[in-house]
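Peer 1: I am attaching a structure below and will ask some questions about it afterwards.
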Amino acid sequence: MGERVQVAERASGQLVEATLHEGLTTRDLEVIERSWAAHRAELVAALMGAGVERRLWPESLHWDWGRKAPLLELLLVNAFGVACRGGWQAVMMTKTAGYDARVSSEAGKPLVYVDFVETAPWNWTISELGRLPVFKGLGSVLIRRAVQQSRAEGFRGRVGLHALPQAERFYGQVCGMTRVGPDAAKQDLVYFEFTRQQADAFISGGGDR
Amino acid sequence: MIGGESMDRATPEWLRRFADAEAECPSVSAGARQRASGEQPRGVALAGLIGLWRRSRGMSSAAFAAMAGIEVAELERLERGDEVGGGVLAQVAGVLGVSAEKLIWLCGQGTSSEAALGGVPEGLGARGSIPEPLNPRQAAALNEIIRNLAG
Amino acid sequence: MSTTERRTMTLNLTEAEMRVLEALAEKKDLSKTAVLRQALRLYQLIEHRTSQGERLVLEDDRLAKKAEVMVL
């Protein structure tokens, strides 16, 4: 069982029905990685074959959701996934304790921390290979779910995350999150945060873009 | 109600708007540059390559180590990303049929002018002693990687 | 697995404990129930990590002070 959502199919331009599952299990994450690993391998081969510089490779190419599965035994960890057309299209892991807001207006108040989020390799845009996503909008659907989780927890929509460099534009310009800045404690990745007002604006579609 | 506290469903307009904007971005990935554990990626690349190669031949860790003429413990160190001697890497390269110099670079223990060779993903390795066979797509990917690493 | 199902329990706290709970709820802008759920999650995390041999350490960069926290 899961929540009915829609995602955009790029080729047809249509919105298609999908299911957003909450409470993914260890087994789910292993199934996801088995499904995605072959596509990661195929992309490595294609990138190498095309001589694409390493710095331009998708930055989450090396991830392995199966290795993140043990975290699920913790109460503070939740995993969500979007499935449609018989496959897992995107996954997100969140934490609901131990993370406080950093933006001054709400500093010190708890938030939902997005520990990991990634779409399936066939949903990546890789311009160097001329690859376009099969489904679009998966990241938006999952971040929307993180905001909803934050509200349900009483965190009023506050969400924080560390974006990989290739994703900074999405979180800053598309979602409208505050760009707090590089975080030396997290590999110098840029930390982004939704304040309560920004989360409201994102959900209502009036984000700062 | 949009923007309310309920688990409201996104409207088609919202979905299209964000889907189009998101598609202009190269990625939505958030989390960690390398592995969640913070380990260095060099072992990830080699573990992935060895794992794929073993699976393509249905070979256990012990069998691979024996074929390479190294101890199983050394193979495990390699797969964890620990430093190993160049001699061990050269023996592994011999089994894989790839350039020892490029393999050493892949492991982060040397330099290579071919920067595009790094980063075989960690998700490719088989962890069991009897690895699962590769599907055709994985086999093709392995062949392509080996071809790129060949002398 | 549903994460929305809830079970109810009665909690007996001393006056001092209730004062701390109310202060935390005020400071964190949370309900008292939400504070206790946060506490349980963090306690499980600490217990999980320390049972694997890790230590819980509090560090103050300004004072260059570091202290190990005992977890019972």
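The values are calculated or read from the model by the stated rules, or taken from the named source; none is laboratory data. Keep in mind the model is a prediction, meaning the values are calculated, not measured. In this analysis, Cβ positions are derived from the backbone assuming ideal geometry, glycine residues included, and neighbour counts consider all displayed protein chains. To get the accessible areas, we keep the full protein, side chains included, count just its heavy atoms, and leave off ligands, DNA and RNA. Shrake-Rupley method; radii C 1.70, N 1.55, O 1.52, S 1.80 Å.
Peer 1: Can you give me the Kirkwood hydrodynamic radius for chain A, using every pair of distinct Cα atoms, in Å to one decimal?
Peer 2: Final number for the Kirkwood radius of chain A is 17.7 Å.
Peer 1: How far is helix A:138-152 tilted off the main Cα axis of chain A, in degrees rounded to 10, range 0 to 90?
Peer 2: The answer is roughly 20 degrees.
Peer 1: Now for a different question. Mind ranking C:Thr8, C:Thr14 by accessible surface for me, highest first, 1.4 Å probe?
Peer 2: So the residues, ranked largest to smallest area, are C:Thr8, C:Thr14.
Peer 1: Now, a different point. DSSP loop trypsin sites (Lys or Arg not before Pro) in chain C with at most 11 other Cβ atoms within 10 Å of their Cβ, which ones?
Peer 2: Sites meeting the loop and neighbour criteria: C:Arg6, C:Arg7, C:Arg55, C:Arg62.
Peer 1: Just to be sure I understand the model, the point goes 7 Å from the Cα along the line to the Cβ. What's the resulting C:Ile46 to B:Ala140 distance in nm?
Peer 2: Here the answer is 5.3 nm between the modelled labels.
Peer 1: For region C:21-72 and region A:158-195, compute the distance between their C-alpha centroids and round to whole Å.
Peer 2: A separation of 25 Å, based on Cα centres.
Peer 1: Next question, about the same structure. Select from region C:10-64 those GluC sites (Glu not before Pro) which occupy a DSSP coil region and have at most 11 other Cβ atoms within 10 Å, ordered by residue number.
Peer 2: Here the GluC sites (Glu not before Pro) that fit, given the DSSP loop and packing criteria, are C:Glu54.
Peer 1: Of A:Val77, A:His39, A:Val5, whose Cα points farthest to the positive end of the dipole of chain A (charges on the beta-carbon: +1 Lys, Arg; -1 Asp, Glu; origin at the Cα centre)?
Peer 2: Of the options given, the answer is A:Val5.
Peer 1: Counting only C-alpha contacts under 8 Å and six or more residues apart, can you give the relative contact order of chain A as a whole percent?
Peer 2: About 17 percent, as a whole number.
Peer 1: Looking at chain A, what % of its DSSP beta bridges pair antiparallel, to the nearest 5?
Peer 2: Beta bridges within chain A, antiparallel portion: roughly 95 percent.
Peer 1: Within 10 Å of each Cβ in A:162-174, how many Cβ atoms from other chains are there, averaged over the peptide?
Peer 2: 5
Peer 1: Would you compute, from DSSP H runs of 4+ residues alone, the mean residue ellipticity of chain A at 222 nm, taking -39500 (n - 2.57) per run and dividing by the full residue count, rounded to the nearest 500?
Peer 2: -8000 deg cm²/dmol
Peer 1: Could you tell me which of A:Val159, A:Gln14, A:Thr94 has its Cα farthest along the dipole of chain A towards the positive end, charges placed at Cβ (Lys, Arg +1; Asp, Glu -1), taken about the Cα centre?
Peer 2: Working it through, the farthest residue towards the positive pole turns out to be A:Gln14.
Peer 1: Taking R0 as 35 Å, what FRET efficiency do you get between A:Gln173 and B:Ala63 from their Cβ-Cβ distance, rounded to the nearest 0.05?
Peer 2: 0.10
Peer 1: Here's another thing I want to ask about it. Can you sort C:Ser51, B:Ser99, A:Ser104 by 1.4 Å-probe accessible area, starting with the largest?
Peer 2: A:Ser104, C:Ser51, B:Ser99
Peer 1: Enumerate the calculated ³J(HN,Hα) couplings along region B:18-32 in order (Karplus 6.51 cos²θ - 1.76 cosθ + 1.60, θ = phi - 60°), each rounded to whole Hz, writing x wherever the residue is Gly or Pro.
Peer 2: Once θ is set to phi - 60°, the couplings for region B:18-32 become 6, 4, 5, 5, 5, 5, 7, 9, x, 7, 10, 5, 10, x, 8 Hz.
Peer 1: Taking square-rooted eigenvalues a ≥ b ≥ c of the alpha carbon gyration tensor, is region A:1-120 rounded, prolate or oblate, where a/c under 1.5 means rounded and, failing that, a/b exceeding b/c means prolate?
Peer 2: prolate
Peer 1: At R0 = 51 Å, how high is the FRET efficiency between A:Ala11 and A:Arg102 if r is their beta carbon distance? Nearest 0.05 is fine.
Peer 2: Efficiency for this residue pair is about 0.80.
Peer 1: Would you kindly find the accessible area of B:Ile146, with a 1.4 Å probe and non-protein molecules such as ligands, DNA and RNA excluded, rounding to the nearest 10 Å²?
Peer 2: Around 30 Å² of this residue is reachable by solvent.
Peer 1: I would also like to ask the following. For C:Asp61, what accessible surface area do you get with a 1.4 Å probe? Give it in Å², rounded to 10.
Peer 2: 130 Å²
Peer 1: Another one. Give me the one-decimal nm value for the distance between modelled label points at A:Ser35 and B:Ala90, 7 Å along each residue's Cα-to-Cβ direction.
Peer 2: Here the answer is 4.6 nm between the modelled labels.
Peer 1: Follow-up. I'd like the distance between the alpha-carbon centres of region A:79-129 and region A:52-76, rounded to an integer number of Å.
Peer 2: So the two Cα centres are separated by 11 Å.
Peer 1: How much FRET efficiency would the formula 1/(1 + (r/R0)^6) give for A:Lys186 and C:Arg62, where r is the Cβ-Cβ distance and R0 is 25 Å, rounded to 0.05?
Peer 2: 0.75
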